[in-house]
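The values are calculated or read from the model by the stated rules, or taken from the named source; none is laboratory data. All values reported here derive from a predicted model rather than from experimental measurement. Virtual Cβ from ideal backbone geometry, glycine too; neighbours counted across all protein chains shown. For accessibility, only protein heavy atoms count, side chains too; no ligands or nucleic acids. Shrake-Rupley method; radii C 1.70, N 1.55, O 1.52, S 1.80 Å.
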Amino acid sequence: MAAAGVRVGVFGAAEAPTNPALGPPGLVSWGRLRAYRTMEYVTESADRTPGHILCCECGVPISPNPANICVACLRSKVDISQGIPKQVSISFCKQCQRYFQPPGMWIQCALESRELLALCLKKIKAPLSKVRLVDAGFVWTEPHSKRLKVKLTIQKEVMNGAILQQVFVVDYVVQPQMCGDCHRVEAKDFWKAVVQVRQKTLHKKTFYYLEQLILKYGMHQNTLRIKEIHDGLDFYYSSKQHAQKMVEFLQCTVPCRYKASQRLISQDIRSNTYNYKSTFSLEIVPICKDNVVCLSPKLAQSLGNMNQICVCIRVTSAIHLIDPNTVQVADIDGNTFWSHPFNSLCHPKQLEEFIVMECSIVRDLKRSAGAGMISKKHTLGEVWVQKTSEMNTDKQYFCRTHLGHLLNPGDLVLGFDLANCNLNDEHVNKMNPDRVPDVVLIKKSYDRTKRQRRRNWKLKELARDRENMDTDDERQYQDFLEDLEEDEAIRKNVNIYRDSAIPVESDTDDEGAPRISLAEMLEDLHISQDATGEEGESMMMT
């Protein structure tokens, strides 16, 4: 095969190339001819460069492309962003800080987040389907400008297979629009589900405790309205799922049972859709802290041969009972209670004040066979007490109590006088009168006025509608605050905030009344302005 640029054939004298470097024609040897052919081939391939053409529009030299036109002229003739809107409106609800995503969903997105970028691209999804999206990102704007700018990079094939890339900015105008949920909140009359929480008792200690748990775990955020009535609370919701979530939370928090019902509001026969209003009626066990109860013989035996007369020391996810005669404790869950129900023997207003005349600790306690667990936080004591209202007499009462570690002669204690009380209970009526104690002591008494004055902490409350408020509510709320100070097990489930208006003092006062330590309190922060404002900025700098 001959070298490139050299004619193929058998060279004679007449056919040899005329080149002065090779000598006169006809005198060229075949060796010199082959060297010339090789040199000519190498020189020709080394000098080869890519060619240029002239743009058919402006005549500028360009590299060859399928359109035979330069990039500037191609962009002036073809706009691949044509059909893509450069200004789009997006709806935003100021009440709940959510953006509207068609067809009917509201989602919460942070500024310049991936979720918000996806929402903006979906607004122009149809025009973007005709081009290839290469890159997208936000262009910084003022947070309060009501504008979102998205920088897009797209590619598209134009004019004989040439691919053109273009960068442009789409301006999104944020328009205020109230979502349907916020409309219902403002109306305060529209709801699709309600949770009715009831407790058939005269004291609201369980509701105060439940209120703090709801605040701690944020279970009130989806409510449209909270209404307080005489014997409970009503929680209104815009969807049935939120109400069911609330019911599940209450079942894990307090011993209760519930019933569900629904009422048909409207229906569409053509689309086969129905509109219901659901009601969840939830009943909490009618037992509160410091109640004296009488168990059935079968239940008392199943709990470790406890005495039937017990004191409720706490109500959390179960009812915690203690036997004042043996300091034996037991927990009763909701299912057990509804299988073997019992009631409180005395009203909280029937608590009487006694003075301790004599107190002794019981060291050796004989336990019966099959006895249950003994409380390690209480001490069994035998005391002689006398009513403060009967100090002019010499009538005294003897009883056993679980408060042996707290009582000393001369202390004041609150208790129930069962000897002079009319007890209307089926289990008490069947008991042997010798096994019913004369007095059941509940808790040690302190000066309430002094405790309120030195209380340097506070609790948060649910925003709710109140009606038919009882004058006894304030006294019951103070009882609940005292229970928090005395019981650490309840206190650990509640968010307690420091009250800066009251100075910090020692953990115990002169009388030895229990107090909450500063380490258990949280700082109550209030930000009245935006985080970028003056007040928020000064708080962040400190």
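Only one entry of 182, 120 meets the criterion of being on the phi < 0 side of the Ramachandran plot, assigned to a helix (DSSP H, G or I) and either touching a Phe, Trp or Tyr at 6+ places or on another chain (Cβ under 8 Å) or exposed (fewer than 12 other Cβ atoms within 10 Å of the Cβ) (or both), and that entry is 120. Looking at 75, 114, 147, 132, which one is loosely packed, with under 12 Cβ neighbours inside 10 Å and of a type in the set (Lys, Arg)? After applying the criteria, what remains is 114. Kindly indicate whether residue 219 is in a loop (DSSP other than H, G, I, E, B), within 24 Å of the chain's Cα centre (by Cα) and not assigned by the TED database to the domain that holds residue 368. So residue 219 fits the description; yes. Within region 161-180, residues that are of a type in the set (Gly, Ala, Ser) reach partners that are open to solvent by 20 Å² or more (accessible area, probe 1.4 Å) with beta carbons closer than 6 Å, at six or more positions or on different chains, in the pairs 161/66; 162/65; 162/66.
Can you tell me which of 474, 485 is open to solvent by less than 70 Å² (accessible area, probe 1.4 Å), without any contact (Cβ under 8 Å) to a residue 40 or more places away in the chain and either assigned to a loop (DSSP other than H, G, I, E, B) or not assigned by the TED database to the domain that holds residue 310 (or both)?
Matching residue, one of 474, 485: 485.
Here residue 210 meets the list (1) part of a helix (DSSP H, G or I); (2) modelled with pLDDT under 90 almost entirely, failing just condition (2). All of (1) within 21 Å of residue 418 (Cα to Cα); (2) in the same structural domain as residue 204 (by the TED database); (3) of a type in the set (Ser, Thr, Tyr) hold for residue 266 with one exception: (1). Within region 187-207, no residue satisfies the criterion of being under 30 Å from residue 275 (Cα atoms), open to solvent by less than 40 Å² (accessible area, probe 1.4 Å) and assigned to a helix (DSSP H, G or I). Within region 269-308, the set of residues being part of a strand (DSSP E or B) and over 36 Å from the mean Cα position of the chain (by Cα) comprises 292, 293, 294. Comparison of 254, 170 shows that the only residue that is in contact with a strand residue (DSSP E or B) (Cβ under 6 Å, 6 or more places away or on another chain), open to solvent by less than 20 Å² (accessible area, probe 1.4 Å) and either in the same structural domain as residue 151 (by the TED database) or among the basic types (Lys, Arg) (or both) is 170. When you check residue 347 against the structure, is it within 41 Å of the chain's Cα centre (by Cα) and open to solvent by 50 Å² or more (accessible area, probe 1.4 Å), yes or no? Yes, satisfied.
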